[in-house]
Every structure is written in structure tokens, then in C-alpha cells.
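Since the structure comes first, as C-alpha cells, the remarks are kept for the end.
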Amino acid sequence: MASYDFSNDVLLEIFSRADLKTMKKCRVLSKECKDLTYESTFIRPHSQRTSTMVGYLLQCMKIFVYGWRDRFTSNFVSIANSGLEPKLTRNVLNFLPEQAQIVAAVNEGLVLCSPRIYGENWFYICKPSTQQWEFIPAPNRRFYRSKISMLVLRLNPLRFIIVGLSDTDCSDDTHSVSVSESDSESDLDSEYSDEEVNDRVVSNEKLWHCEIFDSKSWEWKQSDDLKLTYDDFFKNEQGVSACGGIHWLISNREQDKDIVLSFDGNKEEWTMASLPNSLRRKEYCEQIALVSCEGNLGLVKVSFKTRAQMVDVWVLNYEHIWIRKHAMNLNKECYLTRFHSFYSADTLVMKDMWSVYFYNFKTQKFVRVTAGNQNIDAAYFIQTDFELIQLKPEYI
């Protein structure tokens, strides 16, 4: 069979006309094909030719004349999409039965929301581009979930999981314990003795209660407790979805070091990984963040020196080795912003209270998008199509 060596221009013309699902499959053809589909020069024509929605879903807080009010709105911003219907750019979640707050989102365009009703503990899962939604029942009401993240395991048919972590020190019953699946249901009400609680405190062991919602069964289940120490704290509220797992950056106060905590969505196992050696030495006024970088787990270090930001980007390869991918200086326009994520392989997204900034470090072009008279509480990257999806299995 004859082989053909296509130029990047030819591949761009071909791939940019493929629907989103086909385009993602093309990434496994070669490294060149994968790299091309993450470039900003590809994302714009692809979104325009295939009606793909790509950008950031912003959760904002409205400001009124007489001050703040606890009212969230959700707006969509993009530098690739133009001419979208108003319902897809302003108050994006208005199709839900009541006002809701975004709890988690994934790149595939699924958004997890909770109602703004005091005392309620249930969720909505939705796809804003098609305005579909389903009700997700409340998990165990005894626990206050301070960390909630979502991961898509499969797109066709759709299967996703929601991972909820609860600080056992803040639960309604501080003596409640997690059990493995092999334990009986009656054991859920077991309690630690005072001696066991004291031993935990003395040993500096801190437990996080873990619950998992699986869309395949449409039920919550209790998983094994996550064991950390009282010196460990989460540096990112939202877990980063990449490589079949959810990842958090954990900092240890006593040892003054950071580690990556990962949850494998298929195996339902927790693992920890060290940072690159050069990032273990902390410097004054720096930001370290986990990101999704071209489908892999990435790590960004931003150092603030003499009114300039120096950025180092590392990627964890398939051999679980950190590889340094970029080292750059950002221009002075980025000085008062904080790094948020990667929009594309060559474009960083920065954020402050009022605006989102797209900075292409190859062309050094800088685009600012404001949220109007609103404070940006959180931003979520999505890249999705307008095809209807089966959120809930038919057999449920």
C-alpha cells in the first residue's frame, strides 16, 4: 500500500472538517496529527466549520447598586466561536428548573450543578449546548462534600463518574467511618471509639470520606477513605481531569513540599506522585498549578520577578516521568493576572476578578474578554458539539 506524506496545511484542511468525535480519534494516528489538533490555528477553523462550541463557561456573581448579592450567573466566552445564539452565551444554565451553581465541569461539555436552595444536597447533570439535563439524587446527607469533581470514562455510550470528598472532621457525625465494598451495609453506622479517635489525632492521620456516583448504575456508592495527614491541604478545589483520572495538588505544611494526588477512574484507586526536582525548591511569590495539557497531565510554575512572569510548563508522559515542555516570559500585560489553564497548545488563559485573558505565547498576542459588571468566581474549559446525548441510561 502506498504511503503519503501530507503537509500540516493539508491535514488542517482535512481534520478541521471532521466532527468533534472523529477529530479526537485522529489524534492517535501520529504525534504530528495530535499536536496539530491542539494548536489555536486549528481550533478556530474547526469550531467554525463543524459548529463546535469551544471556550470557557464562566460562573459569575452579579454586582448590584447596593453591593453584593449571592446570585450566580453562567456565561460562555470564546475567541473561536462567533454568532452563537444568546442562550448559549448569556445565562447559559437558564434552561434548568431553578437557579443553579456550577459544581464541576469536564472538557467534553458536561456540567454538574447544584440548586441554590438551602439544605438541598442533590445535583443536575447537563449539557448546555443541547440544553439537556437529568436529576442526580443526593448522596449520604451526613457528610459535607468540600471537594467534588467529575470524570468522563466513555463517550459512546456515555459513562461518567462523580467523586465527592468530605472532611470527616466537618461531618454531622465525626465518628463515622468509610467502609470498603466488602463490608456489610449495617457497618455504615459503626463508630470509632474515643481511643481510636485519639490515636488518629496523635498519629496525625486525617481521613477524607469518599463517595462515587457512577452513571452506569445511577447510584452513589461508598469507597475507601482517603488517608492524608493534618499537615496536607488541597491547593486546587477542582480536580483536573486527564489520562483517565482526577488529579489534585496537595501541599504538606510540615515538610514544605507539594505532591500530586490522583484518583484512577477505572480502578478506583488513589496514588501519589512527586513533582519534578526543580519544582521542589519553593521560591517566593510563585504559583504552581495542575492543568490538562494536550490531553496529558501538566504542571505549571509561575514565578513573579521584577514585574514579569516567568512560566515553566511540565508534562507527565506515559512513563510517569515529568518532561519540561515550555519555558517562557510573559509580557507586562499579564503581570496582575493569575494563570488558569491552557486554551490550546500555544495559548495560556489568565484570569483576574473581572476578565479572562487569552495569551498566545508564540505570536505574543493578548486578548481580553470581560464578564461585564460581574465578578468571575470560576472558569471551566469546554469543547463540545451540538448533538443530543443520552445522559441517563435507558434501562435506569
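Could you work out how far the C-alpha centroid of segment 90-166 sits from that of segment 232-301, in angstrom?
Answer, in whole Å: 23.
Cβ under 13 Å from residue 127's Cβ, residue 127 left aside: what net charge do those residues give with Lys, Arg +1 and Asp, Glu -1?
Here the count lands on -3.
How large, in percent, is the carbon and sulfur part of the accessible surface of segment 212-265 at a probe radius of 1.4 Å?
45
Label-point separation (nm) for residue 155 and residue 82, each offset 7 Å from Cα along Cα-to-Cβ?
2.6
How far is it, in nm, from the label point at residue 395 to the one at residue 49 when both lie 7 Å from their Cα along the line to the Cβ?
Result: 4.0 nm between the two label points.
Can you tell me the FRET efficiency between residue 254 and residue 303 if r is taken as the Cβ-Cβ distance and R0 is 22 Å, rounded to the nearest 0.05?
Rounded to the nearest 0.05, the efficiency is 0.40.
Any chance you could look up the accessible area of residue 51 with a 1.4 Å probe, heavy atoms only, rounded to 10 Å²?
The accessible area of residue 51 comes to roughly 70 Å².
Can you give me the distance in nm between label points at residue 320 and residue 167, each placed 7 Å from the Cα along the Cα-to-Cβ direction?
Each label point lies 7 Å from its Cα, and together they span 3.0 nm.
What pairs from 62/362; 147/351; 21/221; 25/216; 235/325 go past 25 Å between their alpha carbons?
Over 25 Å Cα-Cα: 62/362; 21/221.
So, for segment 92-161, what is the accessible surface per residue at a probe of 1.4 Å, expressed in square angstrom?
41
What does the extension gain come out to for residue 310 and residue 296, with contour length at 0.36 nm per residue minus their alpha carbon separation?
2.9 nm
Collect residues whose amide H, placed 1.01 Å from N in the peptide plane, falls under 5 Å from the amide H of residue 326; neighbours closer than 5 in sequence don't count.
Under 5 Å from the amide H of residue 326: 313.
The values are calculated or read from the model by the stated rules, or taken from the named source; none is laboratory data. Remember, predicted model here, so these are calculated numbers, not experimental data. Quick reminder, even Gly has a Cβ in these numbers, built from the backbone with ideal geometry, and neighbours come from all protein chains shown. Accessible surface is based on the protein model in full, side chains and every heavy atom, while ligands, DNA and RNA are left aside. Shrake-Rupley method; radii C 1.70, N 1.55, O 1.52, S 1.80 Å.
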